[in-house]
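K.L.:
Could you have a look at this structure, given as structure tokens, before my questions?
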Amino acid sequence: MNYHAIIKNGDGKKQFYRNGHLSWYKENIIVPLFNNQVVVLHDWGGAGREAVVNMSSVMEVTLFKTEEKLEGEWKDISSTILDDSFQKYNCTNEVLNEVKSELSSEGAKSLLQKTFSTIKDQVFVVMKFGDEELDSAYEGVIEPLIIENELTPIRVDKIQDAGKISDQILENIASSKIVISDLSGERPNCYYETGFAHALGKELILTIRESDKIHFDLSGYRFIVWKTEADLRKQLRERLAALLENT
């Protein structure tokens, strides 16, 4: 089988891939999309060049499979894939369900191991990254306050490790003394990671920008609602001190 894809970015632009193996699409597009990874994709948009792509900015991926290869110029290929009649080759749900099954199986095997991880003097920070205001809050407030309390700050994009990002996140949450979860930006993965920390019974500090909405049933939990970095610094310092006094 030959697999093809349309990748739609946040700006509405579409990139096309054709005639690939399913394993390549899983490894380079689907799993990185789940994990919000930054990846290098070759022949980006058929232009014969490499591009560094932040998969968190990808809004939509559609996959197709055909027995025959798609031949011809890129403009003809893109027109073929976008034609309504090509939808009969759409295999997006099939591939996503297969990947989800593979990932959940791997996660289930190690869940008990994660639950009994050795606790380290570290604080794992769950938050959206690549946002100028939130990155500034992390670097100017959250990270320094953690260090001030003689703990090690851990944020997944700062980890210099070639391992699988989803595993790194869960392992670091499980082994952290405290988890700080900033839910600004409404990222589903942040809510998932927060739920995992809650399920493990972690000491959890919830924060959110004043302009953002608290989703699901977390509205009943105590949040640090911040408007400025000074506001966040004051409240987070107090909350950390109170938690550490009792641990």
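The values are calculated or read from the model by the stated rules, or taken from the named source; none is laboratory data. Fair warning: this is a prediction, and the values are worked out from it, not measured in the lab. Ideal geometry is used to build each Cβ from the backbone, glycine not excepted, and the neighbour counts take in all protein chains shown. Accessible surface areas use protein heavy atoms only, side chains included; no ligands, DNA or RNA. Shrake-Rupley method; radii C 1.70, N 1.55, O 1.52, S 1.80 Å.
K.L.:
Sorted by accessible area (1.4 Å probe), largest first, how do 187, 155, 209, 222 line up?
P.N.:
222, 187, 209, 155
K.L.:
Could you state the number of Å between the C-alpha centres of segment 172-203 and segment 76-95?
P.N.:
When both Cα centres are located, 37 Å separates them.
K.L.:
Okay, moving on. With all protein chains present, calculate the accessible area of residue 79 using a 1.4 Å probe and round the result to the nearest 10 Å².
P.N.:
The accessible area comes out at roughly 70 Å².
K.L.:
Residue 177: which lysines have alpha carbons under 20 Å from its alpha carbon, excluding same-chain residues fewer than 8 sequence positions away?
P.N.:
Here the lysines satisfying the reach criterion relative to residue 177 are 114, 120, 158, 202.
K.L.:
Probe radius 1.4 Å, ligands and nucleic acids left out: which of 221, 138, 3 has the largest accessible area, and how do the rest follow?
P.N.:
I get 221, 3, 138, largest accessible area first.
K.L.:
Another question, if that's okay. Reachable lysines from residue 227, Cα under 24 Å, same-chain residues fewer than 8 places away excluded?
P.N.:
Answer for residue 227, where 24 Å is the Cα cut-off: 128, 213, listed by chain and number.
K.L.:
Charges on Cβ only, +1 for Lys and Arg, -1 for Asp and Glu, centred on the Cα centroid of segment 185-247; of 204, 224, 192, which one is farthest towards the dipole's positive end?
P.N.:
Positive-most Cα among the choices belongs to 224.
K.L.:
So how much accessible area does residue 1 have, in Å² to the nearest 10, using a 1.4 Å probe?
P.N.:
120
K.L.:
Suppose accessible area is computed on protein heavy atoms with a 1.4 Å probe; arrange 225, 38, 52, 99 from highest to lowest.
P.N.:
The most accessible residue leads, giving 52, 38, 225, 99.
K.L.:
With all protein chains present, calculate the accessible area of residue 101 using a 1.4 Å probe and round the result to the nearest 10 Å².
P.N.:
Its heavy atoms expose roughly 60 Å² to the probe.
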